[in-house]
1. How big is the charge dipole of region 93-157 about its Cα centre, in debye rounded to the nearest 20, if each Lys and Arg gets +1 on its Cβ and each Asp and Glu gets -1 on its Cβ?
2. For Tyr171 and Ser147, calculate 0.36 nm times their separation in residues minus their Cα-Cα distance, and state this gained length in nm to one decimal.
3. With a 10 Å cut-off between alpha carbons and a GNM built on the chain, which of Trp204, Trp110, Trp126 moves the most?
4. What is the packing order of peptides 185-194, 207-216, taking the mean over residues of other C-beta atoms within 10 Å and listing the highest first?
5. So for each of 20-32, 148-160 I average, over its residues, the number of other beta carbons within 10 Å; can you give me the resulting order with the highest mean first?
6. Mind pulling up the Rg/Rh value for the chain? Radius of gyration and Kirkwood radius, both on Cα.
7. Arrange the following residues from fewest to most other Cβ atoms within 10 Å of their Cβ: Ser18, Ser121.
8. Val26: net charge of surrounding residues, Cβ under 10 Å, Lys/Arg +1, Asp/Glu -1, itself excluded?
Amino acid sequence: MGNPNITQELERTKIDLSHQEMDRLVTELENIWAAFTVNDEGPSGIEWLPVQGIAEALREDLGYEDMAEFEDALGGSFGDFLDKLPRVVKKEQEGRVYFQITPEPPRDQWRATRLTLTVQSRADLWRVCLKSPHARVEIPELEFEISADGKKHVDSIYNHIAQSVFNLGNYVSSSRGSLPPDTATRIMETVEALNVLLDVEKPWTWVVHDPSGTSELKPAEGVLVDEV
């Protein structure tokens with residue numbers, strides 16, 4: 001059995017959004033952040049943005065009718081949603097709340113890390129994993145890997161795996177005419193095994209290998225971090 005305190009924290013920080021909506025939301029949030037903090041000449045000098053103002057801008061850009069609908073989709077306030085995201089920090093100043101997205105360090109400051117989490121219950125699947133553009137994820141029990149693809153992905157572990165299931169299944173479906181039958185069978189066996197992992201019938205391991213050291217799991221309780 002897992003630690004009940006950690007389980008409660010995981011339930012509290014759970015983000016119940018589809019992969020597509022989470023990707024859309026995080027991408028738009030980072031676009032807004034970049035629009036304010038970076039200009040043609042480099043950093044604009046703006047280091048913090050107001051939570052309430054950006055919530056309104058994000059709601060409008062994403063097409064939600066009003067703040068109530070937006071917060072219903074988020075499962076709470078925008079400020080609470082920011083608390084659940086890795087590499088986002090908040091501060092209060094003169095009665096207003098501001099946030100900052102921690103920038104990626106320059107390459108000469110990278111520190112290669114390995115993050116290891118033993119998934120012991122379905123609650124662990126709702127941890128948010130920031131997979132940096134340089135990171136790969138390994139599930140050693142299946143000898144399965146999600147490769148680095150040059151893009152940052154911020155999503156629950158559940159959605160990371162569900163997207164892999166979708167991608168593999170879609171690849172087999174779209175390649176039926178050219179894919180050798182034994183290859184298709186092996187891929188679909190992997191899909192089935194990944195789906196079994198989502199039931200967490202027994203513990204399994206989620207390992208993030210990141211040469212930049214900027215990947216993160218949140219909440220971080222129970223995550224083993226090694227510099228490699």
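Every number in this text was worked out from the coordinates using simple rules, so none of it is lab data. Note that the structure is predicted; figures quoted are calculated from it, not measured. Here the Cβ is made from the backbone with ideal geometry for all residues, glycine too, and neighbour counts use every protein chain on show.
1. With only Lys, Arg, Asp and Glu charged at Cβ, the dipole is about 200 debye.
2. 7.1 nm
3. The residue that fluctuates most here is Trp110.
4. 207-216, 185-194
5. 148-160, 20-32
6. 0.99
7. The order, fewest Cβ neighbours first, is Ser18, Ser121.
8. Charge balance near Val26 sits at -3.
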